[in-house]
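Structure first, commentary second.
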């Protein structure tokens, strides 16, 4: 199996604690592009790591958002397939081989998810999204075999380049969160079905792509709220602002918030993110359907 058919894109933001493990899991010879979204105080250490694994490093002078960074990375590759993978994820030895085999088998599929597992063996299967109706919700847990699914996780997302270009890549209006749901639904609608590949395995630490701190939690939560309003509106979901506000208030009133500075920062920022969309009409710019 020619693994040179795949190029890997990883977006970094204060990810040095986990990035070496991800890079070490990529087979030799596979092209890798790291896009640093201005998250490192000193780019020297990251540049050294990139050189060690022969990865191309793009260093942005400001945080341009996840979608923009993914598109930047993809533009540096000319491979048949693009694998977008979180820096806190790691490939099993045969993951790319199994994903390519699935892509050659399911030629009408536009994108693929491997079996994504937590370090303790937990099943990290994405089965639901705020962007589609309940009728599209998948059963809980990994399917027992390869099968078509309704949405894909961005933790390890393989996309045919032709399909990616057909839908113009990631929506750059989505700064962070829900961008994987959005691109998956657009691929399913316009480029081909989505597939879960049972025998391809990726381990994901979940939430460790950046350092854990009240500051980072608040930054992520604010953008998560704004992205939810924007993306649900884009995909025609009913009362997007009201639903996001209800969720924000419910989380803020949780007892657990009282005992964790990080959780308080997160939930206050989430509420502020929702409220900010009232001022600008529901997130950044008008969605391109």
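Read-outs: derived from the displayed coordinates by stated rules, not from any lab. Since this is a predicted model, take the numbers as computed values, not measurements. So basically every Cβ, Gly included, is an ideal-geometry build from the backbone, and we count neighbours across all protein chains shown.
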Margin query: Whole angstrom only: what separates the Cα centroid of the range 1-71 from the Cα centroid of the range 87-127?
Written below: 19 Å
Margin query: If I take every Cα pair under 8 Å that is 6 or more residues apart in the range 153-251, average their sequence separation and divide by the length, what percent do I get for the relative contact order?
Written below: 29 percent
Notebook entry, point to check: Remind me, relative contact order of the range 3-204 in percent, using alpha carbon pairs under 8 angstrom and six or more residues apart?
Noted result: 27 percent
Margin query: For the pair residue 128/residue 93, report the inter-label distance in nm, with labels modelled 7 Å from Cα in the Cβ direction.
Written below: 3.8 nm
Check: How far is it, in nm, from the label point at residue 193 to the one at residue 137 when both lie 7 Å from their Cα along the line to the Cβ?
Finding: 2.3 nm
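So how do 133-142, 116-125 stack up, highest first, on mean other-Cβ count within 10 Å?
Values: 133-142: 10.9, 116-125: 13.6.
Peptide ranking by packing, descending: 116-125, 133-142.
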Next item on the list: State, in angstrom, two size descriptors of the range 214-280 derived from its alpha carbons: Rg to one decimal place and Dmax to the nearest whole number.
Entry: 11.8, 37
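Please state, rounded to one decimal and in Å, the Kirkwood hydrodynamic radius that the range 84-187 gives when every pair of distinct Cα atoms enters the mean of 1/r.
14.6 Å
Can you give me the Kirkwood hydrodynamic radius for the chain, using every pair of distinct Cα atoms, in Å to one decimal?
This gives a value of 19.4 Å.
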Next item on the list: State the extension gain, in nm to one decimal, for the chain segment bounded by residue 56 and residue 272, taking 0.36 nm per residue of separation less the distance between their alpha-carbons.
Entry: 74.1 nm
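Rounded if a/c is under 1.5, else prolate if a/b is larger than b/c, else oblate: which is the range 18-161, with a ≥ b ≥ c the root eigenvalues of its Cα gyration tensor?
Working: a/c = 1.78, a/b = 1.59, b/c = 1.12.
Prolate shape, in that a/c is at least 1.5 and a/b is the bigger ratio.
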Notebook entry, point to check: Spin-label point model (7 Å from Cα, Cβ direction): what's the residue 166 to residue 5 distance in nm?
Noted result: 1.7 nm
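Counting DSSP beta bridges with both partners in the chain, what percentage is antiparallel, nearest 5?
Details: 14 of 36 bridges.
Taking every DSSP beta bridge within the chain, about 40 percent pair in antiparallel fashion.
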